[in-house]
Amino acid sequence: MNRSRVHRRPLVRPLPLAAVATIAALLGTGVVAAPAVASPSGQATHAGRTVSDPARYVDPFIGTSGDGNTWPGATAPFGMLQWSPTGTAGDQTSTPVANGYSYDVNRLRGFSLTHLNGAGCAPGAAGDVPIMPVTTPVTTSPSADSTDAVYAAGYSHDDESASPGRYGVALDNGVRTDLAVTTRAGIGEFAFPAGKDANLLFRTSNSINGSEAATTRVDPRTRTVSGSVLTGGFCSRRANGGGATNPDRRSYYRLFFTATFDTAFTSTGTWQDGTVRPGGTSSSGGEGYLTGADRAGRGSGAWVGFDARRGATVHAKIGISYVSAAGAIANRDGEMTPRSTVASVAAGTRASWNRELSRLRVGGGTADRTTQLYTSVYHALMQPNTLNDRDGRYLGPDQRVHRMDRGHRAVYGTYSGWDQYRAQIQLLALLRPDVAGDMAQSMLRFAQQNGGVWDRWLHLGAPTHVMTGDPSAATLATWYAMGVRNFDVRAAYASLKHQATVENADAESDIGCPGQCLAQRPALDEYLQRQYAANDDCSCWGGAAETLEDSISDSALGYWAGSLGLRSDARMFAERGAYWKNTFNAAVGYQAARQADGSWTPDWSPSTGTGFAQGTSAQYTWLVPQDVQGLSTALGGDDAAVARLDAFFHDSTGAFAVTGGDATKFDPTNEPDIHTPWMYNALGKPWKTQETVRRVVDDAYSTGPGGLPGNDDLGTMSAWYVFASIGLFPQTPGRAEMLIGSPTFSTVDIRRSSGERIVVRSSGTAPYVHGARLDGRTLEKSWVPASFVTRGGALSLRVGDTADTSWATGARERPIDR
């Protein structure tokens, strides 16, 4: 059954009468007389009219240049199959960027069936089974074409198109490729020119990171190509934790595929390493996980040829599975019909995207901001990915096949926990709490299948050990706070509590450090004894970073325990949530790495990365969203904290410096400090939040391929943009309160899948808030309560072009930490 059929929109729950009245007043009874808001290009949209076809505003090319690491191919919401091009810069054992496609490289070596959105290490993972149309005879091994000189092709962006669920490009070799997908299957159209060879290569072993094994089989009678690739190796070439000690230089999944064609094969062939077998129908052999000369020339695959004397347009229907060859067939046949076409499949998936995107309806913004917003929502809902076959079976991290729990609609895999818990998981919970519950249940089962350990970063269901902290605790606590209930709450909490209180077998391991430390809740016994992670004895990436991340997760577990009525647990975790104070060096006024003997790690400076993970002391000092008042006190009081924040966002001339590049300033390209623009609210200066967030939106984000400031990290940077655009931001992990900013749209109308309706309406799109009303009552606070999310409500804002330095500044009007 299609996802569009599985997830039916529930009836909207009744709102409180005050909220109903307020929404009616905000939205009015018509849109004709609504004020118009001018865009920079001179276009205008009516403030009261919300977008009716959000899919047309999605630009899949945003983030495909620079450091965004997004890709433009065809995918469904939370799709298993993501059919997108893999580029080449002249090295078959590598790719231009982590996920294979770079807008700045105009040569392709195939269209791969799986991808990760915005993962940072190069190469990341996936990019499985590149399929490449060529118009030359296959006389040498494609695996031996180590520089991609023969079996690759150039293209122009003028001949390339992408939209939600569809991708197309005309290659310089004359072949036009058009792809469309459902959740687990896809259909491709390959139009070959007349008078040339027409061959389609299945480069089965050529996953982005390589492979351990691969098999390909061709059946001319049934016009089928099928096979599998045994692969994995997430981030296995990175310098930190690289070499033989990297725990991810291993295989942890096998992808099965099957492709049937509507056109007979006129020729077949296979290859293994440097050997070519014209007429062959079976091949096997992997490439390994190395790069360059160690991998060049290795691998296997097959090709099929077609009669193109007068041109040939052939269609392939493909299914994939992480369970079995039979599962790939069932997934294909269950989601493709005999009458499926690229156009019909693309239309169905576009409709699915429109249903998802329409849960967030906006109006009164410019065309560019609307494009940025809906592309950001699109990116944020590309993952986690569906992992189970249509029959409910899925591959667990123990490499065994399991069956989906009764009462759940899907099993989801791939979680970049360290990134996502700061914004992306909140957006998921806000729009799709039902899906978030299925994800929570999936994560619980993965942990149980992984010896009770919740890994920081899962590719599919497999642990990769990347980054720091215990983000699963913060993730599930946040989902629970935001009203997600359709998972085994007690079992999940008990398991996460156990991980946070009882040291596991690998907790003292230094394998993979830094970057991919095998240890989860590393050196826990020592951590609990010292109440900080010692930089020289923590089995972690950096002691200060680990302490700060664990403090956030413990605080979130404390909030969750309190909601469950577990008072002693709540007190214990609340106390541990304050351990951040033990790595705050009052002598210098910054977070700093600390040694096992209690001394501070030598050679400290605000720009040091020692003791931190992908950030600096200056940036990590602010990583205390659960105790802003405590941090303010440590910094010398609110005035001193505000002055420090001002310096963090501005250069020495007083100009904003919010695009990154300075180790002592705000960095919008990575996660540790992306919450900091919103911290002014808790310091009594909400207008500074409003102007700073708007400046980040304007300076760090844009339309076009370079439109993301850094790695999208499975939708995290995109989710940040969404919250900035709607004028709301999650206060802290484990809580559902939202901080108020200034929306870039005059109308925001959210319809949660659980039935609640949330409306934010402002008098315009100016950057400063001058007043607010919540459900018809005057609001002097710079935040909205959890009930605004869990029950729905209406927030109206009066905005202007100058700062209102009196609104929501009093001590009682600031967001509270507890």
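The values are calculated or read from the model by the stated rules, or taken from the named source; none is laboratory data. Computed from a prediction, not measured in an experiment: that's the story for all the values here. We place every Cβ from the backbone using ideal geometry, glycine too, and count neighbours over all the protein chains shown.
Could you say which residue among 796, 742 is under 26 Å from residue 419 (Cα atoms), in contact with a helix residue (DSSP H, G or I) (Cβ under 6 Å, 6 or more places away or on another chain) and touching a residue at least 24 places away in the same chain (Cβ under 8 Å)? Talk me through it step by step, then tell me what you get.
Numbers: 796 fails: under 26 Å from residue 419 (Cα atoms).
Only one candidate qualifies: 742.
Give the residues of the range 404-414 that are in contact with a Phe, Trp or Tyr (Cβ under 7 Å, 6 or more places away or on another chain) and surrounded by 24 or more Cβ atoms within 10 Å (Cβ to Cβ), sorted by residue number.
Just the residues of the range 404-414 that are in contact with a Phe, Trp or Tyr (Cβ under 7 Å, 6 or more places away or on another chain), to begin with: 404, 411-412.
Residues satisfying the conditions are 411, 412.
Let me spell it out: the conditions are (1) surrounded by fewer than 22 Cβ atoms within 10 Å (Cβ to Cβ); (2) farther than 18 Å from residue 674 by Cα, and residue 611 meets all of them except one. Which number is the exception?
For residue 611, the exception is condition (1).
Return only the number of the condition from (1) of a type outside the set (Lys, Arg); (2) assigned to a loop (DSSP other than H, G, I, E, B); (3) free of Cβ contacts under 8 Å to residues at least 60 places away in the same chain that residue 612 does not satisfy.
Single failed check for residue 612: (3).
Determine whether the range 352-368 contains at least one residue that is closer than 20 Å to residue 317 by Cα and either modelled with pLDDT of 95 or more or surrounded by fewer than 24 Cβ atoms within 10 Å (Cβ to Cβ) (or both). Talk me through it step by step, then tell me what you get.
Taking the range 352-368 first, the residues closer than 20 Å to residue 317 by Cα are 352.
Add one more test, that the residue is either modelled with pLDDT of 95 or more or surrounded by fewer than 24 Cβ atoms within 10 Å (Cβ to Cβ) (or both), and what stays is 352.
Yes, some residue in the range 352-368 is closer than 20 Å to residue 317 by Cα and either modelled with pLDDT of 95 or more or surrounded by fewer than 24 Cβ atoms within 10 Å (Cβ to Cβ) (or both).
Regarding residue 550, is this residue touching a residue at least 24 places away in the same chain (Cβ under 8 Å), within 25 Å of residue 492 (Cα to Cα), part of a helix (DSSP H, G or I) and in contact with a Phe, Trp or Tyr (Cβ under 6 Å, 6 or more places away or on another chain)?
Numbers: touching a residue at least 24 places away in the same chain (Cβ under 8 Å): yes; within 25 Å of residue 492 (Cα to Cα): yes; part of a helix (DSSP H, G or I): yes; in contact with a Phe, Trp or Tyr (Cβ under 6 Å, 6 or more places away or on another chain): no.
Answer is no for this residue.
For the range 328-351, which residues satisfy the criterion of being in a helix (DSSP H, G or I), under 28 Å from residue 54 (Cβ atoms) and of a type in the set (Val, Ile, Thr)?
Within the range 328-351, 342, 345, 349 qualify.
Name every residue in the range 409-426 that is more than 30 Å from residue 725 (Cα to Cα) and outside any loop (DSSP other than H, G, I, E, B), in order of residue number.
None; the set is empty.
Can you pull out every residue in the range 619-670 that is outside any helix (DSSP H, G or I), over 31 Å from the mean Cα position of the chain (by Cα) and β-branched (Val, Ile, Thr)?
Listed by number, the list holds a single entry, 653.
Is it the case, given these coordinates, that residue 495 is more than 21 Å from the chain's Cα centre (by Cα), under 28 Å from residue 252 (Cα atoms) and polar (S, T, N, Q)? Steps first, answer last, please.
Working: more than 21 Å from the chain's Cα centre (by Cα): yes; under 28 Å from residue 252 (Cα atoms): yes; polar (S, T, N, Q): yes.
Considered against the rule, which asks whether it is more than 21 Å from the chain's Cα centre (by Cα), under 28 Å from residue 252 (Cα atoms) and polar (S, T, N, Q), residue 495 comes out as yes.
Each row is one residue, and each column tells you yes or no for (1) of a type in the set (S, T, N, Q); (2) out of contact with any Ser or Thr (no Cβ under 9 Å at 6 or more places or on another chain); (3) part of a strand (DSSP E or B); (4) without any contact (Cβ under 8 Å) to a residue 12 or more places away in the chain.
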site	(1), (2), (3), (4)
372	yes, no, no, no
376	yes, no, no, no
379	no, no, no, no
389	no, no, no, no
407	no, yes, no, no
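For the range 784-818, what are the residues that are hydroxyl-bearing (Ser, Thr, Tyr) and either on the phi > 0 side of the Ramachandran plot or in a loop (DSSP other than H, G, I, E, B) (or both)?
Residues of the range 784-818 that are hydroxyl-bearing (Ser, Thr, Tyr), as a first pass: 787, 790, 796, 802, 805-806, 809.
Matches in the range 784-818: 802, 805, 806, 809.
I'm checking my understanding of the structure. Among residues of the range 501-518 that are touching a residue at least 24 places away in the same chain (Cβ under 8 Å) and of a type in the set (A, V, I, L, M, F, W, C), which one is surrounded by the most Cβ atoms within 10 Å (Cβ to Cβ)?
Going through the qualifying residues, I end up with 517.
Out of all the residues in the range 777-811, which are of a type in the set (Ser, Thr, Tyr) and either more than 25 Å from residue 695 (Cβ to Cβ) or in contact with a Phe, Trp or Tyr (Cβ under 7 Å, 6 or more places away or on another chain) (or both)? So that I can check it myself, show each step before the final result.
Within the range 777-811, the first condition is being of a type in the set (Ser, Thr, Tyr), and the residues that meet it are 778, 782, 787, 790, 796, 802, 805-806, 809.
Passing the criteria: 778, 787, 790, 802, 805.
Consider residue 401 carefully, then state whether it is in contact with a strand residue (DSSP E or B) (Cβ under 8 Å, 6 or more places away or on another chain), modelled with pLDDT of 95 or more, aliphatic (A, V, I, L, M) and surrounded by fewer than 23 Cβ atoms within 10 Å (Cβ to Cβ). Steps first, please.
Details: in contact with a strand residue (DSSP E or B) (Cβ under 8 Å, 6 or more places away or on another chain): yes; modelled with pLDDT of 95 or more: yes; aliphatic (A, V, I, L, M): yes; surrounded by fewer than 23 Cβ atoms within 10 Å (Cβ to Cβ): yes.
Yes.
Just need a number here: residues in the range 536-547 that are part of a helix (DSSP H, G or I) and either under 14 Å from residue 473 (Cβ atoms) or hydroxyl-bearing (Ser, Thr, Tyr) (or both).
Our first condition is that a residue be part of a helix (DSSP H, G or I); within the range 536-547, this holds for 543-547.
Now drop any that are not either under 14 Å from residue 473 (Cβ atoms) or hydroxyl-bearing (Ser, Thr, Tyr) (or both), which leaves 546-547.
Selection size over the range 536-547: 2.
Filter the range 481-500 down to the residues that are closer than 25 Å to residue 529 by Cβ, among the small types (Gly, Ala, Ser) and in contact (Cβ under 8 Å) with a residue 24 or more places away in the chain and list them by number. Reasoning before the result, please.
Residues of the range 481-500 that are closer than 25 Å to residue 529 by Cβ, as a first pass: 493-500.
Still in the running and among the small types (Gly, Ala, Ser): 494-495, 500.
Correct list: 495, 500.
Which ones in the range 153-198 are within 24 Å of residue 91 (Cβ to Cβ) and surrounded by 16 or more Cβ atoms within 10 Å (Cβ to Cβ)?
Matches in the range 153-198: 153, 155, 160, 167, 169, 171, 173, 175, 177.
Considering only the range 720-733, state which residues are in contact with a Ser or Thr (Cβ under 7 Å, 6 or more places away or on another chain), under 21 Å from residue 786 (Cβ atoms) and either part of a helix (DSSP H, G or I) or small (Gly, Ala, Ser) (or both).
First, the residues of the range 720-733 that are in contact with a Ser or Thr (Cβ under 7 Å, 6 or more places away or on another chain): 721-722, 725, 727, 733.
From what's left, under 21 Å from residue 786 (Cβ atoms): 722, 727, 733.
If the condition is that a residue be in contact with a Ser or Thr (Cβ under 7 Å, 6 or more places away or on another chain), under 21 Å from residue 786 (Cβ atoms) and either part of a helix (DSSP H, G or I) or small (Gly, Ala, Ser) (or both), then 722, 727 are the ones that fit.
Please go through the range 536-577 and pick out each residue that is polar (S, T, N, Q) and within 29 Å of the chain's Cα centre (by Cα). Give the derivation first.
Just the residues of the range 536-577 that are polar (S, T, N, Q), to begin with: 539, 547, 551, 553, 555, 563, 568.
Residues satisfying the conditions are 539, 547, 551, 553, 555, 563.
Name the strands (runs of 3 or more DSSP E) wholly within the range 256-320 that hold at least 1 residues that are among the aliphatic types (A, V, I, L, M)?
Details: elements: 267-272, 275-278, 282-284, 300-305.
Filter on the range 256-320 gives 275-278, 300-305.
Got at least one residue in the range 83-95 being in contact (Cβ under 8 Å) with a residue 24 or more places away in the chain, among the aromatic types (Phe, Trp, Tyr), buried (at least 23 other Cβ atoms within 10 Å of the Cβ) and in a loop (DSSP other than H, G, I, E, B)? So that I can check it myself, show each step before the final result.
Filtering the range 83-95 for residues in contact (Cβ under 8 Å) with a residue 24 or more places away in the chain gives 83-86, 88, 90-95.
Narrowing the set further to residues that are among the aromatic types (Phe, Trp, Tyr) leaves 83.
When the remaining residues are screened for being buried (at least 23 other Cβ atoms within 10 Å of the Cβ), the result is 83.
With the extra rule that they be in a loop (DSSP other than H, G, I, E, B), the set shrinks to none.
No, every residue in the range 83-95 fails to be in contact (Cβ under 8 Å) with a residue 24 or more places away in the chain, among the aromatic types (Phe, Trp, Tyr), buried (at least 23 other Cβ atoms within 10 Å of the Cβ) and in a loop (DSSP other than H, G, I, E, B).
Just checking, which of 491, 533, 507, 574 is hydrophobic (A, V, I, L, M, F, W, C), part of a loop (DSSP other than H, G, I, E, B), out of contact with any Phe, Trp or Tyr (no Cβ under 8 Å at 6 or more places or on another chain) and modelled with pLDDT of 95 or more?
On the way: 491 fails: part of a loop (DSSP other than H, G, I, E, B); 533 fails: out of contact with any Phe, Trp or Tyr (no Cβ under 8 Å at 6 or more places or on another chain); 574 fails: part of a loop (DSSP other than H, G, I, E, B).
That would be 507, the only listed residue that is hydrophobic (A, V, I, L, M, F, W, C), part of a loop (DSSP other than H, G, I, E, B), out of contact with any Phe, Trp or Tyr (no Cβ under 8 Å at 6 or more places or on another chain) and modelled with pLDDT of 95 or more.
Out of the residues in the range 578-594 meeting the condition of being in contact (Cβ under 8 Å) with a residue 24 or more places away in the chain and part of a loop (DSSP other than H, G, I, E, B), tell me which one is farthest from the chain's Cα centre (by Cα).
So the first thing to find is which residues in the range 578-594 are in contact (Cβ under 8 Å) with a residue 24 or more places away in the chain, and the list is 578-584, 586, 589-594.
From what's left, part of a loop (DSSP other than H, G, I, E, B): 578, 586, 589, 592-593.
On the way: 578: 29, 586: 36, 589: 33, 592: 29, 593: 29 Å.
Applying the filter and picking the extreme gives 586.
The rows are residues; the columns are (1) more than 20 Å from residue 218 (Cβ to Cβ); (2) among the hydroxyl-bearing types (Ser, Thr, Tyr); (3) under 25 Å from the mean Cα position of the chain (by Cα).
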position	(1), (2), (3)
133	no, no, no
142	no, no, no
167	yes, yes, yes
191	yes, no, no
196	yes, no, no
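Answer yes or no as to whether residue 104 is closer than 28 Å to residue 275 by Cα, of a type in the set (D, E, K, R) and not in a strand (DSSP E or B).
Considered against the rule, which asks whether it is closer than 28 Å to residue 275 by Cα, of a type in the set (D, E, K, R) and not in a strand (DSSP E or B), residue 104 comes out as no.
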